Amino acid sequence: MTTRTANGSSILPSPERREKLRKWRGFKDHGTKYGVAFGGFSVIGALALIFIFLFIEVLPIFRPATMEFKAQHSVAATSGAEVLLTSVDRYLEVGVSFDRSGRVLFFEPYEGRTLLDEQVSFGAGEQVTSFAHAEERTGLVAFGLDNGKALVVSHAYDLSYPDDVRLVTPKLEYVLGEEAVVVDAQGQPLEALAIQRGPRGYIVAGSTADGRLLLVVYGTQTHFMTGAVTVTRTAYELENPGSTIQRILLDNMMQAMYVADDRGHVHYYDISTPSSAHLVNSTRVVAEGQTISSLAFLLGTVSIVVGSSDGSVAQWFLMRDEENIRNLTHIREFDSHSAPITAITAEHARKGFVTGDASGVIKVHYGTSSRTLLAEKIFDGNPVQAMGLAPRNNGFIAADDRNQLRFYELRNPHPQVSWAALWEKVMYEGRSEADFVWQSSSATDEFESKFSLVPMTVGTIKAAFYAMLFAVPLAVMGAIYTAYFMSPKMRGLVKPIIEIMEALPTVILGFLAGLWLAPFVENNLPSVFSVLLLMPLGMIAFAYLWTKVRPRLMHIVPDGWESALLIPVILVIGWACVTASPFIEIWFFDGSMRQWFTENGITYDQRNALVVGIAMGFAVIPTIFSIAEDAIFTVPKHLTQGSLALGATPWQTVTKVVLLTASPGIFSAIMIGLGRAVGETMIVLMATGNSPVVNFNIFEGMRTLSANIAVEMAETAVGSTHYRILYLSALVLFALTFVVNTIAELVRQRLRKRYASL
């Protein structure tokens, strides 16, 4: 009921009605309160879930390598000869061992059952005096004999699917024929041997008992009808290093040969032209008083791994000095063993390797990341004699000096990742100095993946910096003028137009920047600098002129519309700068400003930070302008009117009152714009050239974290190291924006608290 007066008019709702209204208000208040709280917590929860998802995807790259023992066999012991080489196929279904007697045994790694037992056919009375193998992935080995000959064989696997079941069939191939080929025509025993397959055929290097060093190139021709193999031999004798040769290595491009002696030196020979092969220099690679106990190539035969008698392990490769001479250079050290290194084996598809020592301990290392990922004792007191890794790095087999074979399953999916590899300068193969490099793929199997996140992080900061450098002055100054000086009617036209700019797809801006703006800027470089110089001067000159003629034109141009008069001024100055650009180039830059940059050591890319700054600035300006303009416009009128009433000029009122009061909102606008710039993808993807460089040169491009993810995520294998590092890039970008926004919010709250009393 409602209480009424005598004439029937209503005064107050009845108590029952008031109670219903009170309950309804309470329901709305509680609904709003909990709804807003739910929305806030939902946002926080969504951010937390994003972080958790990214962290889950990234976490596996930091897990350590693990090995699991599967089987032990004595299958190689029946011959009684020393095991020289072990290996296992990619499916972990067939293992192989070579021993000094020439026996080649293929067996099941898990069960030990013999699959194929072959005996390499040596001639009557021939004895094995040395042994060598090429890169592990080739399966190529050579037995050096006491009569100066070498027998070259290769172990391989045929894959078939009878009844849809995979069948791996091992085989032994005589790549240079079943007869041993001549290395030393004088018939001296080969005490050290090396073999490699390269672009010119097969190459063998050997050290003879009488101290000669030989290099022999074998060419092969297969008759297309009979299948008979004809071998041609070209031999060269090289300078002996003057010490006892213990080990020899040949690279697979037939460019370099490394000879290790008993004094701890490695001698580098240039064999790119075998007829003029020569000793270039010698380098001590172990400490004084120590010897080289093991020597092996990493994948690609660029780096060598040196194992010392004191248990140290180091990586070396050739680098050019100031005189353009290639010298063997120490690159990095790995965790040492407590006993001499007895065996080293490299991975088939990455820059990783395994070392074994005289106490039966093996360690798993990775070159680029400088990591030692695993250390485990696999033989109790017996030295590791030979080792082999599966092509997929998922299996490992090793033999001791008693011909005991131990087989392990290996899990080591992400050895390339370390703090140093991601965030520090790294010395990569083929480079003259350490650097930050991102190069995730290549056309060659020997490729050394480079996963430095520094170029993309710097590129993200660089793109955002130049975008904000362009956008912030225009957006904030425009917001000040629009909110405080512009007439209401003109503000009603300008503000919606600028806000509509935000709806323009960034892919359109990127398209225009890459295909129109970048060539235009390149062809009219002087005009860009002319505009930066002449546009402010022209506007100031026009403002001065306006102060002189304003009293006469006040009835024509009312207050707040003066900015419209600047439009033709801006157009005329822009047109004049572009028109004069070719003449400026002729007068001051010999006809080409870009060429002048190049001649003076300034790199200029067509798609560069200048283009990105302009294009991304246009994408960011509407966001900053809209929020900043609202913050300035909503400054209480009593503050501005009070300032003006006390005698302050409008400009003094803006700088001393309005900007201080609106500073939290302006700061928020700038930080939101920065967040937009940091996360922008399409513009930087289309207008930067995507060059992962580390510099702040405004005339060079960059690659940002977001653009890198967009470009490479589609081409990477799910679960691979590359895939997870891209997720790590997203996590870095997420953390970067989160930290920046958190700091910005703290600053905003402090500004708000400081100026709340105004």
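Some notes on this structure:
- Among residues of the range 334-362, those that are under 15 Å from Gly311 (Cβ atoms), among the acidic types (Asp, Glu) and crowded, with 23+ Cβ neighbours inside 10 Å, counted: 1
- Put simply, of Gly591, Gly560, Gly538, Gly514 the only residue that is closer than 30 Å to Asn690 by Cβ and of a type in the set (Gly, Ala, Ser) is Gly514.
- Taking residues in the range 376-394 that are more than 18 Å from Leu85 (Cβ to Cβ) and of a type in the set (A, V, I, L, M, F, W, C), and partners anywhere that are modelled with pLDDT of 95 or more and crowded, with 21+ Cβ neighbours inside 10 Å, not one pair has Cβ atoms closer than 7 Å while being at least 6 places apart or on different chains.
- Residues within the range 358-372 that are at pLDDT 95 or above and either charged (D, E, K, R) or more than 21 Å from Ile292 (Cα to Cα) (or both), tallied: 1
- Close pairs (6 angstrom Cβ cut-off, 6 or more residues apart or separate chains): aromatic (Phe, Trp, Tyr) in the range 589-603, assigned to a helix (DSSP H, G or I) anywhere: Phe589/Trp596
- Hits in the range 88-118 - residues which are touching a helix residue (DSSP H, G or I) at 6+ places or on another chain (Cβ under 7 Å) and at negative phi: Ser97, Asp99, Ser101, Arg103, Leu105, Phe107, Thr114
- Odd one out for Phe451, checked against (1) aromatic (Phe, Trp, Tyr); (2) in contact with a helix residue (DSSP H, G or I) (Cβ under 7 Å, 6 or more places away or on another chain); (3) surrounded by fewer than 23 Cβ atoms within 10 Å (Cβ to Cβ): (3)
- Among the residues of the range 13-50, just one is acidic (Asp, Glu) and at pLDDT 85 or above, namely Asp29.
- With respect to (1) free of Cβ contacts under 8 Å to residues at least 40 places away in the same chain; (2) more than 18 Å from Met535 (Cα to Cα), the lone exception for Thr579 is condition (2).
- Annotation: of all residues in the range 99-136 being crowded, with 16+ Cβ neighbours inside 10 Å and among the charged types (D, E, K, R), the one that is farthest from Thr86 (Cα to Cα) is Glu126.
- Tally, over the range 404-430, of residues that are touching a residue at least 60 places away in the same chain (Cβ under 8 Å) and in a loop (DSSP other than H, G, I, E, B): 11
- Count of residues meeting criterion [hydrophobic (A, V, I, L, M, F, W, C) and closer than 21 Å to Val494 by Cβ] in the range 522-552: 5
- Subset of the range 78-119 [without any contact (Cβ under 8 Å) to a residue 24 or more places away in the chain, assigned to a strand (DSSP E or B) and in contact with a Leu (Cβ under 7 Å, 6 or more places away or on another chain)]: Asp117
- Qualifying position, being assigned to a loop (DSSP other than H, G, I, E, B), surrounded by fewer than 20 Cβ atoms within 10 Å (Cβ to Cβ) and either touching a residue at least 24 places away in the same chain (Cβ under 8 Å) or not hydrophobic (A, V, I, L, M, F, W, C) (or both), among Asn327, Asn240: Asn240
- Enumeration of residues in the range 179-200 that are within 47 Å of the chain's Cα centre (by Cα) and either surrounded by fewer than 15 Cβ atoms within 10 Å (Cβ to Cβ) or without any contact (Cβ under 8 Å) to a residue 12 or more places away in the chain (or both): Pro199, Arg200
- Candidates in the range 245-263 are the residues that are assigned to a loop (DSSP other than H, G, I, E, B) and either at pLDDT 95 or above or under 36 Å from the mean Cα position of the chain (by Cα) (or both); of these, the one that is farthest from Asn324 (Cα to Cα) is Asn252.
- Of the residues making up the range 708-720, at least one is over 27 Å from Ala518 (Cα atoms) and either surrounded by 16 or more Cβ atoms within 10 Å (Cβ to Cβ) or of a type in the set (Ser, Thr, Tyr) (or both).
- Candidate set from the range 149-178 (those that are part of a loop (DSSP other than H, G, I, E, B) and surrounded by fewer than 13 Cβ atoms within 10 Å (Cβ to Cβ)); member that is farthest from the chain's Cα centre (by Cα): Glu178
- Taking helices (runs of 4 or more DSSP H) as the structural unit, those lying wholly within the range 630-719 and holding at least 1 residues that are assigned by TED's automatic domain parsing to the domain that holds Phe529 and among the hydroxyl-bearing types (Ser, Thr, Tyr) correspond to 637-645, 650-653, 659-679, 705-712.
- All conditions in (1) within 19 Å of the chain's Cα centre (by Cα); (2) farther than 24 Å from Asn697 by Cβ hold for Ala463, with the sole exception of (2).
- Positions within the range 120-148 being outside any loop (DSSP other than H, G, I, E, B) and within 19 Å of Glu191 (Cβ to Cβ), in sequence order: Val128, Thr129, Ser130, Phe131, Ala132, His133, Val141, Ala142, Phe143, Gly144, Leu145
Residues are listed down the side, and each one gets a yes or a no for (1) within 23 Å of Met253 (Cα to Cα); (2) outside any loop (DSSP other than H, G, I, E, B):
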residue	(1), (2)
Val286	no, no
Thr301	yes, no
Phe317	yes, yes
Ile331	yes, yes
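- Members of the range 273-292 found to be of a type in the set (Val, Ile, Thr) and either more than 38 Å from the chain's Cα centre (by Cα) or under 24 Å from Thr342 (Cβ atoms) (or both), listed by number: Thr283, Val285, Val286, Thr291, Ile292
- When Leu571, Leu565 are checked against the criterion of being under 30 Å from Arg491 (Cβ atoms) and surrounded by 12 or more Cβ atoms within 10 Å (Cβ to Cβ), a single residue qualifies: Leu565.
- From Val635, Val684, residue being within 24 Å of Leu726 (Cα to Cα) and touching a helix residue (DSSP H, G or I) at 6+ places or on another chain (Cβ under 6 Å): Val684
- Boolean, Tyr218 is at pLDDT 95 or above, part of a strand (DSSP E or B) and either buried (at least 20 other Cβ atoms within 10 Å of the Cβ) or of a type outside the set (Ser, Thr, Tyr) (or both): no
The values are calculated or read from the model by the stated rules, or taken from the named source; none is laboratory data. Worth saying up front: this structure is predicted, and the values here are computed from it rather than measured. Reconstructed Cβ throughout: ideal geometry from the backbone, glycine too, with neighbour counts over all protein chains shown.
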